[in-house]
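Here the structure comes first, spelled out in structure tokens, and everything after it is commentary.
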Amino acid sequence: MKTRIKELRARYDLTQEDLAKKVGVRRETILFLEKGKYNPSLKLAYDIAKVLKSKIEEVFIFEG
Amino acid sequence: MKFRTDKEILTEIVMCLAWIFVTGWGWLQTRNPETLFLVGMGAFVLVESLYRATKPKPPGVIDDEWMQRLREKAGYYVFVTIILALLFLVVISMVFNINNQIKMNLFDAASFGFFGLFSLYLLFAYYYRKKGIY
């Protein structure tokens, strides 16, 4: 799975820490999400997409 | 001076008081200097806890889904490792020619552990299948 979290974060001038605080997780969780080493729960994916003002499928790109 | 009254610090203080009470009671019974040392240790931790109670609560680590999944995954591998180790011991006790007494003890302990843990696993799996996983 690829994510556009980093790109969208930059667009809204958010640090990993800011995003983590807004969705109620640790900074490491955002880090691992960005690296594609962690599949988020539906709730977390929804929360992140909401903060980044995008649709879930625009933030998380599932490949095959 | 303002004291914190959250559950965490209160539990710590109550545990310290209980420790001092129990070790103090032990010391009154025995008049043993080592026991007095244990009372002193409790008193030291109590003073330290009271001091920390005057400071604001430090921000805790968020127990988010990453941490939960980490625990689940690590716990699962620990479980599988223990199950396999027990199975390995059962096989060893059945196959190899070792002292009969040791063989029986090993077989009993390992098979009891194996079936006990596996039954618990099935029980929890059934429980969470009914309850759902959030």
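Per the Cauchy relation, a quarter of the hull surface: what is the mean projected area of the convex hull of the alpha carbons in the protein assembly as shown, in nm²?
Working: hull surface 85.0 nm².
Averaging across all directions leaves 21.3 nm² for the Cα convex hull.
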Give the Kirkwood hydrodynamic radius (Å, one decimal) of chain B, defined as one over the mean of 1/r across all pairs of different Cα atoms.
20.2
Cα shape, the range A:1-61, gyration tensor, a/c 1.5 rule:
rounded
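Which loop trypsin sites (Lys or Arg not before Pro) in chain A, with loop taken from DSSP, have no more than 16 other Cβ atoms within 10 angstrom of their Cβ?
Details: sites: A:LYS2, A:ARG4, A:LYS6, A:ARG9, A:ARG11, A:LYS21, A:LYS22, A:ARG26, A:ARG27, A:LYS35, A:LYS37, A:LYS43, A:LYS50, A:LYS53, A:LYS55; in loops: A:ARG4, A:ARG26, A:LYS35, A:LYS37, A:LYS53, A:LYS55.
Here the trypsin sites (Lys or Arg not before Pro) that fit, given the DSSP loop and packing criteria, are A:ARG4, A:LYS35, A:LYS37, A:LYS53, A:LYS55.
Could you list the chymotrypsin sites (Phe, Trp or Tyr not before Pro) in the range A:8-47 that lie in coil according to DSSP, counting only those with at most 15 other Cβ atoms within 10 Å of their Cβ? Walk me through the numbers before you get to the answer.
On the way: sites: A:TYR12, A:PHE32, A:TYR38, A:TYR46; in loops: A:TYR12, A:TYR38.
Counting only loop positions with at most 15 other Cβ atoms within 10 Å, the chymotrypsin sites (Phe, Trp or Tyr not before Pro) in the range A:8-47 are A:TYR12.
Tell me which trypsin sites (Lys or Arg not before Pro) from the range B:1-63 have a DSSP coil assignment and no more than 10 other beta carbons within 10 Å of their own.
Listed in order of number, the matching sites are B:LYS2, B:ARG31.
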At 222 nm, what helix-only mean residue ellipticity would chain B give, in deg cm²/dmol to the nearest 500, using -39500 (n - 2.57) for each DSSP H run of four or more?
-29000 deg cm²/dmol
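Rank these by accessible area, largest first, 1.4 Å probe: A:SER54, B:SER49.
A:SER54, B:SER49
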Whole-number percent relative contact order across the range A:1-46, with pairs defined as alpha carbons under 8 Å at least 6 apart
37
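So which of A:LYS21/A:LYS50; A:LYS21/A:LYS53; A:LYS35/B:LYS130 end up more than 24 Å apart, counting from Cα to Cα? Please report the intermediate quantities before stating the final value.
On the way: A:LYS21/A:LYS50 14 Å; A:LYS21/A:LYS53 16 Å; A:LYS35/B:LYS130 35 Å.
Cα-Cα > 24 Å for A:LYS35/B:LYS130; rest within.
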Mind listing the phi-derived Karplus ³J(HN,Hα) values for the range B:9-16, rounded to whole Hz, using 6.51, -1.76 and 1.60 with θ = phi - 60°, and x for any glycine or proline?
6, 5, 4, 4, 5, 4, 5, 4
If amide H atoms are modeled at 1.01 Å from N in the peptide plane, then the residues at a separation of 5 or more from A:THR3, or on another chain, having amide H under 5 Å from its own are A:ILE61
Using θ = phi - 60° and the Karplus form 6.51 cos²θ - 1.76 cosθ + 1.60, what ³J(HN,Hα) does each residue of the range A:43-48 get, whole Hz, x for Gly and Pro?
5, 5, 4, 5, 4, 5
C-alpha long axis of helix B:100-131 to longest principal axis of chain B, angle in °:
70
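The values are calculated or read from the model by the stated rules, or taken from the named source; none is laboratory data. Only a predicted model underlies this, so the values are computations on that prediction, with no experimental measurement involved. We place every Cβ from the backbone using ideal geometry, glycine too, and count neighbours over all the protein chains shown. Heads up: the accessible areas ignore ligands, DNA and RNA and are worked out on the full protein's heavy atoms, side chains in. Shrake-Rupley method; radii C 1.70, N 1.55, O 1.52, S 1.80 Å.
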